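Contents: one structure, followed by commentary.
The values are calculated or read from the model by the stated rules, or taken from the named source; none is laboratory data. A quick note: this is a predicted structure, and the numbers were derived from the prediction, not measured. Glycine gets a Cβ as well: all are built from the backbone with ideal geometry, and neighbour counts include every protein chain shown. To get the accessible areas, we keep the full protein, side chains included, count just its heavy atoms, and leave off ligands, DNA and RNA. Shrake-Rupley method; radii C 1.70, N 1.55, O 1.52, S 1.80 Å.
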Amino acid sequence: MKILASAKITKGWDHWKSVFESDRHKQIRSDAGVDVVGYGYHPETGRAYVVQEVGSMETMQKVMVENQNVLDEVGVDMSTMQMIPLEG
């Protein structure tokens with residue numbers, strides 16, 4: 001299934017992008033079976049957007065819980081997180 005994840009970022013786009021693209025973070029996603037389709041940033045809202053393909057929403061939630069430190073490192077404000085299942 002594809003999921004659109006969106007959240008405000010707290011450490012700026014350049015930081016978020018460099019950490020998100022790091023080999024370590026790519027490996028974490030690979031190990032969890034998460035495939036990134038695309039991502040971007042909306043400067044007016046301060047939100048990063050990521051389209052991901054994963055087995056299920058439950059799998060995605062499990063990955064997020066198990067890797068909370070990763071979300072903190074990249075600078076995600078979890079109180080603003082939105083996850084929307086996509087149909088196509």
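Between the listed residues 5, 28, 64, the Cα displaced farthest toward the positive end of the dipole of the chain, a dipole computed from Cβ unit charges relative to the Cα centre, is found at 5. Subtracting the Cα-Cα distance of residue 72 and residue 4 from their residue separation scaled by 0.36 nm leaves 22.6 nm.
The order of the peptides 56-64, 40-48 by mean Cβ neighbours within 10 Å, most packed first, is 56-64, 40-48.
At the listed q of 0.16 Å⁻¹, the Debye profile of segment 1-56, built from one uniform point per Cα, gives log10 I(q)/I(0) equal to -0.49. When a 1.4 Å probe is rolled over the protein heavy atoms, the share of accessible surface on the chain that falls to carbon and sulfur comes to 50 percent. What you get for the chain, charging only the Cβ of Lys and Arg (+1) and of Asp and Glu (-1), is a dipole of about 100 debye around the Cα centre.
Normalised per residue, the accessible area of segment 8-88 is 62 Å², obtained with a 1.4 Å probe and no contribution from ligands, DNA or RNA.
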